[in-house]
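Reviewing the structure listed below.
Taken together, the values in this text are just the output of simple stated rules run on the coordinates, not laboratory data. Here the structure is a predicted model, which means the values were calculated and not measured. All Cβ positions, even for glycine, are placed from backbone atoms using ideal geometry, and neighbour counts span all protein chains on display.
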Amino acid sequence: MATKSLVTRPSVRQGRVTPQQRELFAGLAFISPWIIGFLIFTAGPMVISLGLSLTDYDVLNPPEFVGFENYQRLFTDPRLGLSLANSFIYALLHVPSVIIVALGLALLLNRVGRAAGFFRTIFYLPSVTPAVAVATLWLWILNPRIGLVNQGLALLGMQGPGWTTDPVWIKPGIALMSLWAVGSTVILYLAALKNVPNELYEAARIDGANSWQQLLRITIPLISPTIFFTLIVNTIGALQIFTEVYTMFFGNMSSGAASSAGLFYNIYLFRQAFEFLRMGYASAMAWLLFFIILILTFIQLRVSKRWVYYEGS
Amino acid sequence: MINTGNDSVLQAQLREPAPRQPIRVRGTLIKAVFLFLLVLCTILFLAPFIWLVSASLKTRAEVFNNELLPNPVAWQNYIYVWQAAPMLTWLRNSLVVGVLASAAVTVSCSLIAFGFSYFRFRGRDTLFGLVLATMMLPGVVTMIPVFLVWRSLGQINTLTPLWASNLFGSAFYIFMIRQFYLGLPRELFEAARVDGASYFDLWRVIALPLTRTALIVVFIFEFKASWTDLVKPLIYLQNTNLFTLPLGLKSILDQFGQGGEMQWEVVLAASVIVTVPMIIIFFIGQRYFMDGIATTGIKG
Amino acid sequence: MSLKRFSVFLLVMALMFGVLAVSAQDVSGELSILGFNGTTGDEIATVRVDAVRAAYPDLTLNFTEGGLDEQQFLTAVAGGDPPDLVYMGRDVLSTYAVRGALMPLTECIANMDIDMSQYYDAAVAQVTVNGVVYGIPEFYNSIMMFINNEALADAGLTPADVNTSDWESISALNDALTRVDDTGAVTRIGFDPKLPEFLPLWAMANGASLLSEDGRTAQLNDPAVVEALEFAAGLHAAAGGRQAFMAFRDTWDFFGAENQMVADQLGAFPMEQWYMNVLAGGSPDVDITFAPFTDRQGNPISYVTGSTWAIPTGAANPEAACAFMKTITAPETWIAAATTRAEMRVADGAINTGVYTANRIADETIFSEVVAPIEIEAFANGVDTILSVQEDAFAIPANPAGSEFRQAWMDAVNRVLNGEQSAQEALDQAQMEAQAALDEAWAASE
């Protein structure tokens, strides 16, 4: 392998190379694939993307410099605001519900002993199902008239909403679908719960704390780093939702109600780029998203200092 | 780091608070209630799968009747979809891309992570910080330029863009494998160095075998990610014979579903075909999936 | 084989040899074709592909099947690996043409001696941008009314009571035919306005076009368009609004034997003529009446859509692509395909409602000689209705913002149907979006 020769070369000329230099060369050789990849697939494209965002580019003709026009357009395009709002509303629905449901399931699993393994497997199954298949399936699970969800609600005497047809209910419908794939978060929480020392609960019991107080005072603070982790990861993921929505409502499909209520940020970006041939504008949109994610993560990090409990701090 | 056999610890914990009879009875009762709730949730989680399999075996007239069992059983849906679309070709493409993508990322990340853990040199931690920072970058920022890169290499409408960038590692997996390396005692390597092993040997003979579990986790998660991905195939593939299963399913949905011929039973049969291989792989590699998520928080 | 059929056969054979004679030019090599079901399609597709193969035996055809995905086509062209020939909707052709993604066909038409006057004018206009032809039209979809006699009888009415020129009477009809069960769920839709896709039809019925003739000025918030949308969208109310309407419509067996006309789930709707073929094939006994859709003055109108062939810039084998386009849309080829369909329908004991091409010459022969007189009066009337509205048809003028322009008005209609905006607000917004897209696209093309 090429790596080998690279790594061993310094040792041939031992006299000139200090051990530090040798470690440097060898270390760089090992990480060189990443450096190359970073330049070709991350840093280079970031520069190109920034450049493209200042142009009018339809891929078919050479880009044309337009200055900050695309960025100005971000602030006047009503659909951009709409798609951003849609993605935020979805994130607000999705993130808390995933955390609460996953925590609930993990707490249950944590109390049933060996059987937990079986249930854990079942809960994780939807997560290995390809998103396109999930979306195809849920288009029917959520069908207002014959879907399982509304049929189930009807059994309870409730009339279910138009999950796939009513603009108000499209985002809750997608959030509901996303809960089906809550499995990985459950497993993560379950692992965190198992690391909570049992003595703490015993001590609390002796102090007369009930289960609810134990949950609030011991369990949640102790697993708060994990909760925080899932909060960040799920927020970033939710803001970039694409495949499920694209499968359900876009492509060749007649989009209907989803054309505005289901127009999520990345869907709009994709359409601008590959359907309306506005690569420049799409690039500007991508940078706006990056900026928003940075700010959100920064805020979450700041706020987390108040509620996330780190051992030893 | 990987904890298996935690269940027995859990068992011990559960058995512990049993000195007095009433608590034990109460404990059993609570456990029964929890089990009942879990069974209820299990039914909720499985219901869509059951509906899917059942509906995929129904005739056009009955596909949405919501009966549990299809009657008559329309096996012909599966034969039909197999004939109407090159499912076998798509399956093969998905397998090829999945294996190449996973193998590439496993080997490259293992090498890179070794570079970031064993060696000590100036700027290493800054570079590693950069690795972590790239995880924050939304994929859409680089989507268009990366497309242009592959275009300049003449790789549009080939399977290459779907896996080849994995040869250069992937931030999250580098981070994860590095955690494993940091857990290995340094003396192990120093001893080998004294015996005259090259750096490459350190990685190949010592580091690689000791992190086998982690590498399997990386492999199957990347395989899953590749198997379920729609975006890259959507951008790079135009020739039907190059489609992977998710893109194939989307094209079947467009052709036979809404706005198309409304033969939903065919679409649903295709959905089952796309889903089943991954579920089989999941059952085979279940342990690694569970450990992988529990220890690293991979968003599965 | 009847004498008449035999004579058609002879005619077809003679014309085929004529094509062979023309093919003296060197047409060979490989031809990659995107977006056309050349091998898995119906007999209309396969017979014509076979005709091309017969005419050019040295040519190898490679099809990428399934409908054209616009994004897919774009990435193929941008990726520097375009197909030699592409099959797309005529409404989006101009988007690609003005950006230089398609080849002007001036040379192809001259070299291969393609007679553009044999195609319907409305279709040719759709593929002509700035006076240059970029596509060879394929199908020609027209619109007519599909009326469910059973539903009318149920309300004590006859098909003659359906008068699309009188909008008040459409409303009354819609109310009379809509059925809602005890639980409040709709069981029959009275009159489906086919929104959002048929907004251009309703606007034209009210005397307005969505776009100026030159394709430069959007007219989406013209009072007549606003009024048309208000009226057509209002028809959803009888069924309990858009939600109930859509959820119900999704469950129809649209292409099957138990379709919404047979199952009495729909009273009447304007629809493209290919759906008549679906009904004739799947449910020939359906109790149905076909009639022209009319504007408010009572004149029959139809909104034309259809597909076209085009050659991407950078195609490796443009000569072969040109020969392919000429042959596959030639009258004799269409007639051969229509004849095969006729024979297949006879063998199946089914009705043949013909095939509606963008080639006027082909249509004349097909409907005078190939399509046998239909015994079922309803379908015979259907065929006559379509033929009668073809020349009165209009199309949305060619414009370089094709998909974005369509998106603007489609979204506006959806917003109105969803109750998010009034027709005026929605179309005001659409007008702004569409005009901005048009201005930008025209500027880019000049």
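So what's the gap between the Cα centers of the range A:73-149 and the range B:173-195, to the nearest angstrom?
Their Cα centres are 39 Å away from one another.
With n ≥ 4 as the cut-off for DSSP H runs, can you work out [θ] at 222 nm for chain C, using -39500 (n - 2.57) per run divided by the number of residues, rounded to the nearest 500?
-14000 deg cm²/dmol
Rounded, prolate or oblate for chain B? Axes are the square roots of the Cα gyration tensor eigenvalues, ordered a ≥ b ≥ c, and the cut-off for rounded is a/c under 1.5. Write out the running numbers ahead of the final one.
On the way: a/c = 2.64, a/b = 1.16, b/c = 2.26.
Oblate, because a/c is 1.5 or more while a/b does not exceed b/c.
Taking the Cα of A:LEU301, stepping 7 Å toward and past its beta carbon, and measuring to each backbone N in the range A:214-234: which are under 14 Å?
Those under the cut-off are A:229, A:232-233.
So if R0 is 30 Å, what FRET efficiency would B:ASN71 and C:GLU150 give, r being the distance between their Cβ atoms, rounded to the nearest 0.05?
Between B:ASN71 and C:GLU150 the formula returns 0.55.
Given R₀ = 56 Å, what would the calculated FRET efficiency be for B:GLN83 paired with B:ALA192, taking r from the Cβ atoms and rounding to 0.05? Could you put the intermediate results ahead of the total?
Numbers: r = 58 Å, r/R0 = 1.03.
E(calc), rounded to 0.05, equals 0.45.
Which order results if B:VAL25, C:VAL27, A:VAL168 are arranged by neighbouring Cβ count within 10 Å, fewest first?
Working: B:VAL25 10, C:VAL27 22, A:VAL168 14.
Ordered from fewest to most neighbouring Cβ atoms within 10 Å, B:VAL25, C:VAL27, A:VAL168 come out as B:VAL25, A:VAL168, C:VAL27.
Once you place label points 7 Å from the Cα toward the Cβ at C:GLU343 and B:THR160, how far apart are they in nm?
Roughly 4.8 nm, to one decimal.
Over 30 Å between Cα atoms, which of B:LYS232/C:LYS326; A:LYS171/B:LYS224; A:LYS194/A:LYS305; A:LYS171/B:LYS232; C:LYS194/C:LYS326; B:LYS250/C:LYS326 qualify?
The pairs that break the limit, which is 30 Å between Cα atoms, are B:LYS232/C:LYS326; C:LYS194/C:LYS326; B:LYS250/C:LYS326.
Taking the Cα-to-Cβ direction at A:ASN210 and at A:MET158 and moving 7 Å from each Cα, how far apart do the two end points lie in nm?
So the two model labels end up 2.6 nm from each other.
Based on the mean of other beta carbon atoms within 10 Å per residue, what is the order of B:87-97, C:84-94, C:394-404, most packed first?
Final packing ranking: C:84-94, C:394-404, B:87-97.
With springs only between Cα atoms under 10 Å apart, run a GNM on chain C and tell me which of C:MET432, C:MET116, C:MET246 wobbles the most.
C:MET246
Name the shape class, rounded, prolate or oblate, that the alpha-carbon gyration tensor gives for the range C:213-322, where a ≥ b ≥ c are the square roots of its eigenvalues, rounded holds for a/c under 1.5, and otherwise prolate holds if a/b is larger than b/c and oblate otherwise.
oblate
Order of A:194-200, A:124-130 by packing, highest average Cβ count within 10 Å first?
Ranked from most to least packed, the peptides come out as A:124-130, A:194-200.
Of the residues C:ASP411, C:ASP222, C:ASP113, which exhibits the maximal mean-square fluctuation in a Gaussian network model of chain C defined by a 10 Å Cα contact cut-off?
Result: C:ASP113 has the largest fluctuation of those listed.
Taking the Cα centre of each part, how many Å lie between the range C:97-123 and the range A:258-313?
Here the answer is 45 Å between Cα centres.
Check the cysteines of the protein assembly as shown one by one and keep only those with no other cysteine Cβ under 4.7 Å from their own.
B:CYS41, B:CYS109 - these cysteines have no disulfide-compatible partner (Cβ-Cβ under 4.7 Å) in the protein assembly as shown.
What whole-number distance in Å separates the alpha-carbon centres of the range B:58-92 and the range C:362-410?
Cα centroid to Cα centroid, the span is 34 Å.
Sticking with the crude label model, points 7 Å out along Cα→Cβ, report the distance from A:LEU200 to A:ILE40 in nm, one decimal please.
About 4.7 nm, to one decimal.
Please compute the average number of Cβ atoms from other chains found within 10 Å of each residue's Cβ in peptide A:292-299.
Details: counts 1, 4, 3, 0, 0, 1, 0, 0.
For peptide A:292-299, the averaged partner shielding equals 1.
Given a Förster distance of 35 Å, report the FRET efficiency between A:ILE292 and C:GLU197 from their Cβ-Cβ distance, rounded to the nearest 0.05.
Working from the Cβ atoms, E equals 0.50.
For a quick check: sort C:VAL371, C:VAL413 by the number of other beta carbons within 10 angstrom, fewest at the front.
Exposure proxy ranking, most exposed first: C:VAL371, C:VAL413.
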